[in-house]
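A.B. asks: Please see the structure below; I have some questions.
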Amino acid sequence: VKKPGDTVWKGHKNYDLMLSLQLGIRDSVGKHASVCRELRSSDFDPNEKIWTKFPAEGSKFTHPHQSAEFRWKDYCPMVFRHLRELFQVDPTDYIMSMCGHGGLRELSSPGKSGSLFYLTQDDKFIIKTVKKSEVKVLIKMLPSYYQHVCRYQNSLVTKFFGVHCVKPIGGQKTRFIVMWNLFCSEYPIHERYDLKGSSHGRKIDKPECEIDETTTKKDLDLNLVFRLNKYWFRELLKQIDFDCKFLEDAGIMDYSLLVGLHFCDNSTNQLHSGKSELYQIEKFLSGFHFLEAEFGNSNRINGCQKQPIRLGANMLARAERITTRSAFNQCGPGGGNHSIPFGGESYDVILQFGIIDILQDYDISKKLEHAYKSLQADPTSISAVDPKLYSRRFQDFIAKIFAKDA
Ligand code: ATP
Ligand code: CA
Ligand code: CA
């Protein structure tokens, strides 16, 4: 399976930017790692602006470097320090991932927004350049985000590890967020989907020959239903409900469920008419919640070292092919019992999923987009709708593409 993205080598147009980012992270994470104290409300203050100079010769606070001088800003560094701890990311490992040998890989603009995306060599983290308005949204929601992720360990919303800004002397500001790469898994991803629950324009517009396992497909490209055992299915619907409520309260819309699929038997792409042994074992074990930790860690698949199962990570499911695409549109929310016509083909898959792109509020540009697109299409089918409707539609869609084991 090919690794997405191209390494940002010396000479690449964004090489200096990446180097500044790495230098900034190394020094700022290093600095905050040694401070151990409880969070205070002032740590969330959006107006606390601390710029640090990074001269090439180094300073009292920064190491010398071989790049041009730049200025660096950390947003709410203490909060992100605590978030990294909550998400169990060790400061040294984090610096190693971000700054270690091999550099970062630039992904070829996966979104429409013009943001740039970088992957660390170890695939653990994604760095995304964001607009000023997105940083504003994140910093504004940070207190409730912090509360939410502390309260719900199974939350599917993006895990954020830091927000920073780099400004070269005489150059433009570039703002970054660092987040978890949902597809960092020992199971290679064979198919990926970015799902919003809307239908207007939600199909990849690429010729067949250009589609491979790094292509992100959309709502209308999906013709699978994912069957989870009833314990995980219930957990998923509960968590999506909590997460959507949080996003709705923060006034957010335009987010997606990003889903990565690993076909367990991809070598032969063998079709199973009945349910496989693997799936039966999982179904049996999942009946005992107290065994969850053990079965999460057990070596069940292909005999390799397994990562633990969490909601949205390394989840074994049966992917069943549906016969008609419109089936998703005809049925009401399934609640696990929907009558989607299945095509009979089904596969053991391992799923990685989470909610991404959660920094868009329903601002004037999205309201205009809604008004404009409403002239061409059914207003409920377009992505840009108000956060309440967005959340309802998103949850309904999830309840259709996931099903409870019969
Ligand atoms: P737009 O606003 O046009 O949807 P965007 O520039 O805001 O695009 P995102 O929607 O955040 O971009 O992400 C675009 C793509 O990048 C996703 O569909 C996914 O393929 C990949 N991606 C984004 N975040 C992650 C993540 N945390 N883990 C793995 N892949 C990601
Ligand atoms: Ca998006
Ligand atoms: Ca976006």
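Any read-out appearing in this document is the output of simple, stated calculations on the displayed coordinates, not a laboratory observation. Predicted model only: the values in this text are computed from it and were never measured. Note that each Cβ is placed from the backbone with ideal geometry, even for glycine, and that neighbours are counted across all protein chains shown.
A.B. asks: Using the 10 angstrom Cβ neighbour count as an exposure proxy, how do Val79, Val259 rank, fewest first?
C.D. replies: Val79, Val259
A.B. asks: If you don't mind, there's one more thing I want to ask. For a quick check of your reading of the filter: which chymotrypsin sites (Phe, Trp or Tyr not before Pro) in the range 126-171 sit in a DSSP loop and have no more than 16 other Cβ atoms within 10 Å?
C.D. replies: Details: sites: Tyr145, Tyr146, Tyr152, Phe160, Phe161; in loops: Tyr152.
Here the sparse-neighbourhood loop sites are Tyr152.
A.B. asks: Then there is this: Once amide H atoms are built 1.01 Å from N in the peptide plane, which residues 5 or more positions from Phe70, or in another chain, come under 5 Å H to H?
C.D. replies: HN-HN under 5 Å from Phe70: Phe54.
A.B. asks: Here is a further query. What lysines does Lys206 reach when the alpha-carbon gap must be under 16 Å and sequence neighbours fewer than 8 apart in one chain are set aside?
C.D. replies: Partners found: Lys112, Lys217, Lys218.
A.B. asks: Name the long-range amide H neighbours of Gly5: under 5 Å, sequence gap of 5 or more, or other chain; modelled H, no Pro or chain starts.
C.D. replies: Here Ser108 satisfy the definition.
A.B. asks: What span do the alpha-carbon atoms of the range 54-154 cover on each of the three principal axes, reported in whole Å from largest to smallest?
C.D. replies: 43, 36, 28
A.B. asks: Do the alpha carbons of any pairs in Lys131/Lys367; Lys31/Lys366; Lys128/Lys388; Lys203/Lys400; Lys73/Lys203 sit beyond 28 Å of each other, and which pairs?
C.D. replies: Long pairs (Cα-Cα over 28 Å): Lys31/Lys366; Lys73/Lys203.
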